[in-house]
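Below you'll find the structure, written out as structure tokens, and then a few comments.
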Amino acid sequence: MSASPVTTTSKRTVSAYPADFQEQYLRAFHFMRLSRVLEEKLGALYRAGGRIVGGVYLGKGQEAFAAAMGVQLRMGKDVYGPLIRDQAGRLAFGEPMTDCLRTYLGAVTGPMKGRDGNIHRGRPRDGYMAMISHLGSLLSVVAGALFARRLKGTLGDSIGATSVGDGATSTGAFHEGMNLAAVEKLPLIVSIANNQYAYSTPNTRQYACDNLVDRAKGYGVHGEHIDATDLAACLTAFRGAAARAKAGKGPQIIVGTLLRLAGHGEHDDASYIPDKKRHTHEARDCIDVAGKFAVAQGWATEADLVTQMEEIRRLVDQTVAKVSKEPVPDPFKESWLALSTSELVEGQNAS
Amino acid sequence: MSGSITYLEAIREAQYDALRNDPAVFLYGQDINTFGGAFKATKNLGKEFPGRVFDSPISEDAMVGLAIGAAIEGARPIVEMQFADFSSIGFNQIVNQAATLYWRTETPCPVTIRLPSGGTAGSGPFHSQSMEAIYAHYPGLVIVTPATVEDAYWMLLDSVALNDPVIYCEHKFLYYHLKSESIGERSLPIGKARIARPGRHATVVTYSAMVHDAIRAAEELQLDGYQIEVVDLRSVKPMDTDTILGSVARTGRLLAVGEAFPWGGVTAEVISRVASEGFHLLDAPPMRLNAKDTPIPYHPNLWKAHRPTVASIAGALRSLLRY
Ligand SMILES: Cc1ncc(C[n+]2csc(CCOP(=O)(O)OP(=O)(O)O)c2C)c(N)n1
Ligand SMILES: [Mg+2]
């Protein structure tokens, strides 16, 4: 079911969406498809072996939810702390595709220089936080960045946004961070992608409340639950959340229900997900849904979508070809400094 | 400055000066604003610097996370743990988030985390711990352990000025017991050890409150004609291996003393460095003295026997000198 407020008059369909909704929708849709193609490429590189060391973690099926949050954010102005399944959100926030590929391939030209890989990447000084693996622990960091800006008087209308999965909501870090953000009344959007599994663990072994959005009340923050396979519903929710955050209403929780359409990582066949779940409403592919909706609204034609897709594929292929040739790290050129104060690094003076 | 100042007051003074000197500094911790902190290390600071001293929820993980996020934005937060022991709840943020930030992203992380550390009688297993070795194990952190009023003050200011995360271990036993006429002039930078007492028959390498017990043990041995050198590490990471080796070169004998648990740790690190880099300097097997390998006891009778004391340090030195 779509949450789209569409009214039908005599002959033509009049959209009741705000003026800039269509533009945002199409932008989000573009990043969803770019993300999907990029991630398919990552999967292919992984299966081919050789170039990608370590795992590949994809956001297939979660693009609408991730992109809808990402398009609310402005790189250089807002603070973003994405997690595992947010490739579409990262692109929408303004992450260049090269950051993703260079990190997966370990290229020294990338932001992580081969020191960290895959989804563990960011540019913190640009407000783009680099997740550590420990789930839930980025929430308080994003909160801290907003806190510092408020203290400096530079917060303005900037907001923060971070995401977690259903599994991460069970961590102490999530609870502490959420509560602290609420106590400090920070302009922070927290998205919870409930894809019904944490690795192989189903919701029934993860939490005991009816719906994760019930937690919002306990934290004293605004919460909404949406169908995360529906881009229009996602956009409506995140636009509202961003507006409320900017208006000083404190943290906003958006819970989206969907299904992960890939394994936990590309090594995982997700055989623990029963077949009948794959035919539920939550298992709809958000990209198909979003494309059909755009055409139905008259925001794009089928032909537009085909042309755009060709362009996306060309762009991804070009970028992969370019990054594949870039240098990988050399242990003899690595500085091996874990401190910025190099004279305090142990062993620097050792023979 | 006239009159006398305690170790605790020096910590308060340093925070006062840090707040006054740099608008990027703020304090975040439990009960630190109006109440002035469980030990009063932030007494009146909330009043003197409105809007810069914050009472936090009891969320050590999120407190450190907030500080890291703020540091990324150019702030220089000081986080007060109510007791060092509770930093275990913030452990993940400290060792995985703060300590890896610079390495992973070349973003400096100027966070100072104050750990009221070490034993006082009656505090029991969960209000007495010394955590320096745990944190020192992780790359990307600086661990300081001031033993004097002067170091308590200057090393805290230096910690705040550093562009890296610092674990500042302040010893609770010294809070009120240790007094000085004044804060004194800045002496050494972080990373340099100090010869707290010169000598030539044996070296005691130690840090924090144990420096004072070691000096008293050395005074006891002086009555028997022994000159014991005491090295105060000041920072356990980085560890000033050169000063340690220089001292052992003069004395030929080494005793490493620490209040922490015995497995691994700072004393083991001192001995391993001397054994591997200065074996030829040693006239006797290096010795170490630590707390017992049990949780820290509550009752004073047990507590005093659990940790190294002046008597046990003196005893260890006698057997070291007999070798
Ligand atoms: C604190 C912590 N424990 C365990 C893990 C290992 N781990 C990585 S992802 C994952 C599942 C996460 O599930 P969820 O939060 O629902 O996110 P999803 O993968 O479904 O997007 C686990 C257990 C981790 N990264 N962090
Ligand atoms: Mg999940």
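Based on protein heavy atoms only, region B:194-322 ends up with 42 Å² per residue of surface accessible to a 1.4 Å probe. Among the lysines, which fall within straight-line cross-link reach of A:Lys325, defined as a Cα-Cα distance under 22 Å, with same-chain neighbours fewer than 8 residues apart omitted? The qualifying lysines are A:Lys41, A:Lys113, A:Lys333. Once you have a ≥ b ≥ c as the square roots of the Cα gyration tensor eigenvalues for region B:5-180, tell me rounded if a/c is under 1.5, and otherwise prolate or oblate according to whether a/b is larger than b/c. It is rounded, given that a/c, with a ≥ b ≥ c, falls under 1.5. Restricting region A:46-87 to trypsin sites (Lys or Arg not before Pro) that sit in a DSSP loop and have at most 16 other Cβ atoms within 10 Å of their own Cβ leaves A:Arg51, A:Arg74, A:Lys77. The trypsin sites (Lys or Arg not before Pro) of region B:162-227 that meet both conditions, a loop assignment by DSSP and at most 14 other Cβ atoms within 10 Å of the site Cβ, are B:Arg186, B:Lys192, B:Arg200.
Rounded to the nearest 10 square angstrom, B:Phe91 shows an accessible area of 60 square angstrom against a 1.4 Å probe. Interface size, chains A and B: roughly 3700 Å² of accessible area buried, both sides included, 1.4 Å probe, rounded to the nearest 100.
Taking a straight line from the alpha carbon of B:Lys40, these aspartates and glutamates sit under 17 Å away, with near neighbours fewer than eight places off in the same chain left out: B:Glu9, B:Glu13, B:Asp17, B:Asp31, B:Glu48, B:Asp55, B:Glu80, B:Glu170.
Across chain A, the mean sequence separation of Cα contacts (distance under 8 Å, 6 or more residues apart), normalised by length, yields a relative contact order of 20 percent. Remark on region A:111-195: ratio of C-alpha radius of gyration to 2.2 N^0.38 Å is 1.11.
Cut-off under 20 Å on the C-alpha distance; same-chain residues fewer than 8 positions from A:Lys277 excluded. Which lysines are left, in chain and number order? Hits, sequence-local ones excluded: A:Lys60.
Pairs spanning more than 29 Å between alpha-carbon atoms, out of A:Lys152/B:Lys237; A:Lys152/B:Lys43; A:Lys246/B:Lys43: A:Lys152/B:Lys237; A:Lys246/B:Lys43. Under the simplified labelling scheme, the B:Phe91-B:Asn21 pair shows an inter-label distance of 3.4 nm, with each label point 7 Å from Cα along Cα→Cβ. Taking the charge dipole of the protein assembly as shown about its Cα centre, with +1 at Lys and Arg Cβ atoms and -1 at Asp and Glu Cβ atoms, the residue from A:Val320, A:Val306, B:Ser56 reaching farthest to the positive side is A:Val306. Explain nothing, just the number: relative contact order of region B:194-322, from Cα pairs under 8 Å at least 6 residues apart, as a whole percent. The value is 28 percent.
Take the Cβ atoms of A:Ala296 and A:Ser200, set R0 to 51 Å, and the FRET efficiency comes out at 0.85.
Shown here is the pair-distance distribution of the protein assembly as shown: with all Cα-Cα distances grouped in 20 Å bins from zero up to the longest one, the shares run 18, 44, 28, 10, 1, 0 percent. All Cα-Cα separations within region B:160-287 were binned at 10 Å from zero, giving a P(r) of 12, 42, 34, 11, 1, each value a whole percent of the pairs. The residues neighbouring A:Leu305, those whose beta-carbon lies less than 12 Å from its own, together hold a net charge of -3 under the Lys/Arg +1, Asp/Glu -1 convention. Remark: spin-label model distance A:Lys322-A:Asp269 equals 3.8 nm, labels positioned 7 Å along the Cα→Cβ axis.
Taking the 1.4 Å solvent-accessible surface of region A:48-139 as the whole, the part contributed by carbon and sulfur is 52%. Across peptide B:104-112, the average count of Cβ atoms from other chains found within 10 Å of a residue's Cβ is 6. Inter-chain Cβ neighbour count for A:223-235, averaged per residue, equals 0 (cutoff 10 Å, partner chain atoms only). The charge dipole of chain A, taken about its Cα centre with unit charges on the Cβ atoms of Lys, Arg (+1), Asp and Glu (-1) only, comes to about 500 debye.
Rounded to the nearest angstrom and listed largest first, the equivalent-ellipsoid semi-axes of chain A from its Cα gyration tensor are 32, 26, 21. Only protein atoms count toward the accessible area here, which uses a 1.4 Å probe; on region A:168-242, the carbon and sulfur part of that area reaches 50 percent. Taking every alpha-carbon pair under 8 Å whose residues sit at least 6 apart, chain B reaches a relative contact order of 16 percent. For the peptides B:258-264, A:307-313, residues were scored by their other Cβ atoms within 10 Å and the scores averaged per peptide; the highest-first order is B:258-264, A:307-313. Per residue, the solvent-accessible area of region A:28-326 (1.4 Å probe, heavy atoms of protein chains only, all protein chains present) comes to 36 Å². Bin by bin, in steps of 10 Å, what percent of the Cα pairs in chain B do you find, going until the bin that has the longest distance? In whole percents, the pair-distance histogram is 6, 27, 34, 22, 8, 1, 0. Taken about its Cα centre, region B:194-322 carries a charge dipole of roughly 120 debye when the Cβ of each Lys and Arg holds +1 and the Cβ of each Asp and Glu holds -1. Each residue of region A:306-322 was assigned a 3J(HN,Hα) from its phi angle through the Karplus curve 6.51 cos²θ - 1.76 cosθ + 1.60 (θ = phi - 60°); the sequence is 5, 4, 4, 5, 4, 5, 4, 4, 5, 4, 5, 4, 4, 5, 4, 4, 5 Hz, with glycine and proline shown as x. When each of the peptides B:126-139, A:324-337 is scored by how many other beta carbons lie within 10 Å of its residues on average, the order from highest to lowest is B:126-139, A:324-337.
The values are calculated or read from the model by the stated rules, or taken from the named source; none is laboratory data. What you are looking at is a predicted structure, and each value in this text was computed from that prediction instead of being measured. Methodologically, a virtual Cβ is constructed for each residue, glycine included, from the backbone with ideal geometry; neighbour enumeration extends over all protein chains shown. Calculation scope for accessible area: heavy atoms of the full protein, side chains included, ligands and nucleic acids excluded. Shrake-Rupley method; radii C 1.70, N 1.55, O 1.52, S 1.80 Å.
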